[in-house]
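A short write-up of the structure that comes next.
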Amino acid sequence: MTAAQETLDVTVHRGTTRGARYDRFEVPAHESQTVLDVVSWIQQFADPTLSYRFACRVGMCGSCAMMVNGTPRWTCRTHIKKVAPDGKLLIEPLRNLPVIKDLAADMDPFFDKWTAAEAQHHPSQTRHDPIEAIDPTDATRAEADLGVECINCAICYAACDTVAGNPDYLGPAALQRAWTLLNDSRDDGRQSILDAVSGTGGCHNCHSMGSCAQYCPNELNPMRAIAGLKRETAKSFFKGKRNA
Amino acid sequence: MKAPARSHPLWFAFVLHRVSGLGLALFLPAHFWLLSQALSNPARLDGFLAFAEMPLVKLAEFGLVFLLAVHMFGGLRLLALEFLPWSDRQKTLAAGAVGVAFLISTTFFLKAI
Ligand code: HEM
Ligand code: FES
């Protein structure tokens with residue numbers, strides 16, 4: 001951003017999936033300004049009816065993701081000078097999801113698929129059992145650790161063209177969590193996870209385009225996790241364990 | 001909605017794999033039909049082989065060999081990605097597949113002209 005540039009030219013998606021329009025705003029430029037700062041400025045000083053979502057503002061909660069100039073990003077940690085050096089911004093709700101209003105995407109399909117992939121903990125013990133020791137240097141544990149920093153922001157889901165082309169595809173985030181649990185010695189759902197991720201919308205839909213890994217703000221690699229699921233489901237299939 | 005940013009190496013590798021796969025699916029039936037002419041209608045095959053001596057056809061052949069090679073090496077990369085232990089060098093491998101395919105198809109072209 002040049003010093004002379006005092007305002008940003010911001011175009012914002014308004015409305016829902018059924019009817020959308022684009023509004024333009026002039027927003028004062030500041031040093032160290034984030035995309036979320038810009039959206040908040042519009043809502044506070046230009047149009048209080050603008051709907052959007054955020055919570056932590058520090059890249060922990062995963063609620064602020066939007067399309068910024070066509071790229072899915074966590075807006076609270078995306079600096080304007082990095083993504084719009086010319087001061088022009090197009091801000092839209094996350095791709096591949098229905099829109100509730102303006103910049104707030106409907107996350108229901110995303111989390112429904114999370115459940116459909118069996119990406120939830122299947123306890124192997126009860127609270128009455130002694131606490132199990134976990135060896136952090138164990139190779140399987142290390143593989144599980146690679147995925148635990150996922151903040152459920154749905155940026156990978158918005159980035160993926162396989163999701164765009166196949167509404168049934170479970171998507172990178174849900175599959176990565178399924179892979180994490182498959183490698184977690186405390187999880188007891190191995191067979192149900194393998195069954196869930198090898199169905200019609202499962203891991204074998206993935207074409208390894210790698211947009212999930214490219215845009216994940218935490219630099220995780222769902223493509224690697226999905227490749228792991230492809231391997232494990234194939235192995236289990238050839239061993240005849242799959243009861244399909 | 002603005003088209004999402006896709007300009008990264010593995011996405012290009014995907015597009016190349018799909019385009020080359022479709023190209024092969026279109027070309028191979030014609031190729032096999034032509035080979036069959038060696039048995040059923042040699043005169044027609046000879047006619048075509050004369051046509052295939054034209055420079056433009058040579059260039060098109062270069063394209064086809066490139067598509068086949070890039071699809072094969074790209075496909076081997078995908079199979080390795082899916083069935084061998086994970087490697088972080090996917091971008092390098094994809095670039096390598098394009099490089100080897102280019103080497104093979106250019107060698108073919110230089111021998112053909
Ligand atoms: C030479 C050996 C070959 C190898 C190793 C190979 C490998 C592969 C692999 C691994 C895929 C899946 C790609 C993905 O998941 O996106 C694929 C897709 C495909 N292949 Fe091949 N293939 C070969 C030859 C051929 C031939 C001869 C044809 C033409 C008839 C062909 C046509 C296709 C098509 C149309 C696709 C779908 C593309 C897509 O889904 O993006 N392939 N190939
Ligand atoms: S507001 Fe929590 S991740 Fe951006």
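A compact table of results
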{"quantity": "Unit Cα scatterers, Debye sum, segment B:19-112: log10 I(q)/I(0) for q = 0.14, 0.22 Å⁻¹", "calculated": "-0.63, -1.11"}
{"quantity": "Label point distance in nm, A:D168-A:T17, each placed 7 Å from Cα along Cα→Cβ", "calculated": "1.8 nm"}
{"quantity": "Mean accessible surface per residue for the protein assembly as shown, computed with a 1.4 Å probe while every protein chain stays in place, in Å²", "calculated": "53 Å²"}
{"quantity": "As computed over segment A:7-105, the Cα convex hull volume per residue (Å³)", "calculated": "89 Å³"}
{"quantity": "Global geometry of segment B:18-73, whether rounded, prolate or oblate, following the gyration tensor of its Cα atoms and the 1.5 cut on a/c", "calculated": "oblate"}
{"quantity": "Tilt relative to chain A, helix A:172-182 - C-alpha long axis, 0 to 90 degrees, to 10", "calculated": "30 degrees"}
{"quantity": "Residue mean of other protein chain beta carbons inside 10 Å, B:5-14", "calculated": "6"}
{"quantity": "Within 10 Å of each Cβ in B:32-43, the average number of Cβ atoms from other chains", "calculated": "0"}
{"quantity": "Three-way shape call for the protein assembly as shown based on the alpha-carbon gyration tensor, with the a/c threshold at 1.5", "calculated": "oblate"}
{"quantity": "Spatially proximal aspartates and glutamates relative to B:K58 (Cα-Cα < 20 Å; intrachain offsets below 8 disregarded)", "calculated": "B:D46"}
{"quantity": "Taking N as its residue count, the alpha carbon Rg of segment A:63-220 over 2.2 N^0.38 Å", "calculated": "1.15"}
{"quantity": "In degrees, nearest ten, helix B:90-112 long axis to first principal axis of chain B (Cα)", "calculated": "20 degrees"}
{"quantity": "Degrees between helix A:222-238 axis and first principal axis of chain A (Cα, 0 to 90, nearest 10)", "calculated": "20 degrees"}
{"quantity": "Exercise: per-residue mean of other protein chain Cβ atoms within 10 Å, A:157-170", "calculated": "1"}
{"quantity": "R0 of 25 Å, Cβ-Cβ distance A:R190-A:M60: FRET efficiency to nearest 0.05", "calculated": "0.25"}
{"quantity": "FRET efficiency estimate (nearest 0.05) - Cβ-Cβ, A:D145 to B:L28, R0 35 angstrom", "calculated": "0.15"}
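The values are calculated or read from the model by the stated rules, or taken from the named source; none is laboratory data. On a predicted model such as this, the values are computed, not experimentally measured, just so you know. Heads up, the Cβs are rebuilt from the backbone with ideal geometry, glycines too, and the neighbour counts pull from every protein chain shown. Accessible surface is based on the protein model in full, side chains and every heavy atom, while ligands, DNA and RNA are left aside. Shrake-Rupley method; radii C 1.70, N 1.55, O 1.52, S 1.80 Å.
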